[in-house]
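The values are calculated or read from the model by the stated rules, or taken from the named source; none is laboratory data. Here the structure is a predicted model, which is why all the values come from computation and not from measurement. For neighbour counting, all protein chains shown are included, and Cβ atoms are generated from backbone atoms with ideal geometry for every residue, glycine included. Side chains are part of the model used for accessible areas, which takes the heavy atoms of the whole protein and leaves out ligands, DNA and RNA. Shrake-Rupley method; radii C 1.70, N 1.55, O 1.52, S 1.80 Å.
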Amino acid sequence: MALYSLKADTQGMVSAIDIVAGDRIAVAQVLLRLEIMKMEIPVETPVAGRVTAVHVKAGEYVSEGQLLATIETA
Amino acid sequence: MSEEIWDPEIAELRERQRVAREMGGAEKVALQKSKGKLTVRERVDRLLDPASFRELGSIAGVGTYGDDGELLQFSPSNFIFGRGRVQGRPIAIAADDFTVRGGAADAAIHEKQVQAEQMANDLRLPLVRLIDGTGGGGSVKTLETSGFTYVPACPGWDWVVANLGTVPVVSLGLGPVAGLGAARLVSSHYSVLVKGIGQMFAAGPALVTAAGRAVTKDELGGAELHARTGAVDDLAEDEAGAFAQARRFLSYLPSSVDSLAERVTTGDSPDRCDRWLDSAVPRDRRTTYKIRRILENVVDRDSFFEIGRRWGGSIITAFARLDGWPVAVIGSDVMVCAGAWTAEAAQKLTRFVELAETFHLPVVNFVDIPGLMIGVDAEKAGTLRHGGRALASVYQASVPWCTVIIRKAFGVAASGMANHTRFRYRYAWPSGDWGSLPIEGGIEVAYKAQLNSAVDRDALRLEIAQRLNRVRSPFRTAEKFLVEEIIAPHETRALLCEFANLAAPLRKQGRAAFTFRP
């Protein structure tokens, strides 16, 4: 078991969060979406496991590199 | 066995070389290994083709002598250099030895560094620097040992700068690197920090912590940090990875600006075409797609080598091959800032165009640009000036240039897709969508008065959008010959291979009118 920090590769506004803490997730699953310059950018997880925390709220503007979620890897 | 006249001297030479190869001694070597680092000798051997290292200055260092003139003790200089081969091609190699006084300057013989740089320049050899040293000045203790101080100057810097316009320079950060070492690391066409062992800073944690903020080496200047700031181009997982990246980077470039990059046989047919490309870009303009998959597909199989993945992410820069010819690839990544030019992306583009121009690599540019990044943060970052600089480099470039518009092309940033006053070697995919301003954002401003006086604002807005969308078809632009040729995406590879073959004989050797800066 290890903790993985999912960080934003782009800045943008959190337009949707598709998971909650506790959810089991698979590789490449879309966990949330960021909106920027009229595009909706899906944020995929590169690891499988369980979401232990979501660190952002819908409507929040995040910067590149910001921590979005913590995942306990399987 | 007969005794030759100079045998005693040859024996002394071998003995001095043997001692020099022991570096800073068993204890310091063990310390180096305990940090998970290779020694300088192991590094040189692993980077170069087997048994190809020809060292120069092999016995330079500091000797202490007895009253009878016998050598009592010898400490080698903490910088070794010479020539070797990488993939059969001669290169210059310059490497710091941290086991001797932490690579610091007080154990250095600066003229070796100067000669290493000058050798690469004079012999037109690609240069690889393996950097693992604390800096140019050593510690303030040297004030007492030398009894004087000096006005700072970086040794050999005229050559370091000249090399950026003459020979490929790769630097690998393989230890904590500060001051002069840091300046040497960034003054390269390709710089890499190795995770865990390589860090780079103006001054190390001790000084920063003393100034009031406690930090670790990695927090201050680790590979993960600087691969994101763009202070270095990339990180590597380990030293072997860094050596592989260095070899790969050099494989796309000529040995100097006075020769041209060579074609190789990649075994990939220029006529290969994959129909999935015709579905690669979604019809919904708000929906993203993965450009790397497209780029990797249209270039020769397994030839895509990305540079600077972790910074300025809305622009991808890479070397690749088309029908075996090396090319510089630029691409927009809509997964980062929708592909908009940020200040960092513009800087990344500028440097990459300068790199292509310096080494005569034809450019292929895949465009999906909604514009310059907008907003308060973007303005605070000085995005416009960095964008202006990128435009200048594109307009000054003389290397053959081919543009493929994948989807959006809006505003000043998209106008930097190519120098439009040259022959427009340009194609567009049917997903092309262009103009000065995107319709979605422009309606509110352009039709403000009408919208404000409308009974049903939203309905009018929709109606205007529908009207404008009717003239949005790329075919209407092509009808006016404002875009030269629309192609099916699956035709892209064949057309780009044709471009690479046409471009190859147009490449001109020699020093470019403008060359690379860090």
Of the accessible area of chain B, with the probe set at 1.4 angstrom, what percent is carbon plus sulfur? 55 percent
How far, in degrees from 0 to 90, does helix B:239-251 lean away from the longest principal axis of the Cα atoms of chain B, to the nearest 10? 60 degrees
Mind ranking A:MET13, B:MET200 by accessible surface for me, highest first, 1.4 Å probe? A:MET13, B:MET200
Alpha-carbon centroid distance for the pair the range B:412-431 / the range B:443-506, whole angstrom: 13 Å
Once the in-chain neighbours fewer than 8 apart are removed, the aspartates and glutamates whose Cα is under 16 Å from B:LYS508 read B:ASP258, B:GLU262, B:GLU354, B:GLU357
For peptide B:288-295, what's the mean number of Cβ atoms from other chains within 10 Å of each residue's Cβ? 1
Please report, in whole Å, how far the alpha carbons of the range B:156-273 spread along each principal axis, starting with the longest. 61, 37, 22
Using only the alpha-carbon atoms, how far is helix B:383-396 inclined from the longest principal axis of chain B? Give it as 0 to 90 degrees, nearest 10. 80 degrees
Peptide-level mean, for B:437-445, of C-beta atoms on other protein chains within 10 Å: 1
Gap in Å between the Cα centre of the range B:296-350 and the Cα centre of the range B:39-67? 38 Å
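If you take every DSSP beta bridge fully contained in the protein assembly as shown, what fraction is antiparallel? Give it as a percent rounded to 5.
Roughly 60 percent of the DSSP beta bridges within the protein assembly as shown come out antiparallel.
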Which residues, if any, in the range B:269-287 have at least 50 Å² less accessible area in the whole protein complex than in the isolated chain, probe 1.4 Å? B:ARG286
Any idea of the total accessible area buried by the A-B contact, 1.4 Å probe, rounded to 100 Å²? 1500 Å²
Defining a contact as two alpha carbons under 8 Å apart and six or more residues distant in sequence, what relative contact order in percent does the range B:426-518 show? 41 percent
With the protein assembly as shown reduced to its Cα atoms and the Debye formula applied, log10 I(q)/I(0) at q = 0.07, 0.09 1/Å amounts to -0.50, -0.79
Over chain B, calculate the relative contact order: mean separation of alpha carbon pairs under 8 Å at least 6 apart, over the residue count, as a percent. 10 percent
Loop-only trypsin sites (Lys or Arg not before Pro) in the range B:180-281, please: DSSP not H, G, I, E or B, and at most 11 other Cβ atoms within 10 Å. B:ARG213
To the nearest 10 square angstrom, how much accessible area does B:HIS110 have with a 1.4 angstrom probe? 70 Å²
Report Rg(Cα)/(2.2 N^0.38 Å) for the range B:279-384, keeping two decimals. 1.09
With runs of 4+ DSSP H residues as the only contributors, calculate the mean residue ellipticity of the protein assembly as shown at 222 nm using -39,500 (n - 2.57) per run, divided by the residue total and rounded to the nearest 500. -9000 deg cm²/dmol
Could you pull the Cα extents of the range B:433-518 along its three principal axes, largest to smallest, in whole Å? 66, 36, 21
Any idea how far the Cα center of the range B:215-293 sits from the one of the range B:152-189, in Å? 22 Å
Over the C-alpha atoms of the range B:213-342, what are the Rg and the largest Cα-to-Cα span, Dmax, in Å? 17.4, 59
Taking only the alpha-carbon positions of the range B:36-126 as identical scatterers, the Debye log10 I(q)/I(0) at q = 0.20 Å⁻¹ comes out as -0.97
Less than 18 Å apart at the alpha-carbon level, and either on another chain or at least 8 residues along: which lysines does that give for B:LYS28? B:LYS37
Students often forget the sequence filter, so: which lysines lie under 24 Å Cα-Cα from A:LYS38 once same-chain residues fewer than 8 apart are removed? A:LYS7, A:LYS57, B:LYS290, B:LYS348, B:LYS380, B:LYS408, B:LYS448
Given the C-alpha atoms of chain B, compute the convex hull and give its volume per residue in Å³. 192 Å³
May I ask you to give the solvent-accessible area per residue for chain B, in square angstrom, as obtained with a 1.4 angstrom probe? 46 Å²
How far apart, in nm, are the 7 Å Cα→Cβ label points at A:MET1 and B:ALA244? 3.3 nm
Counting only residues 5 or more places away or on other chains, whose amide H sits under 5 Å from the amide H of A:ASP23 once H atoms are built in the peptide plane? A:VAL51
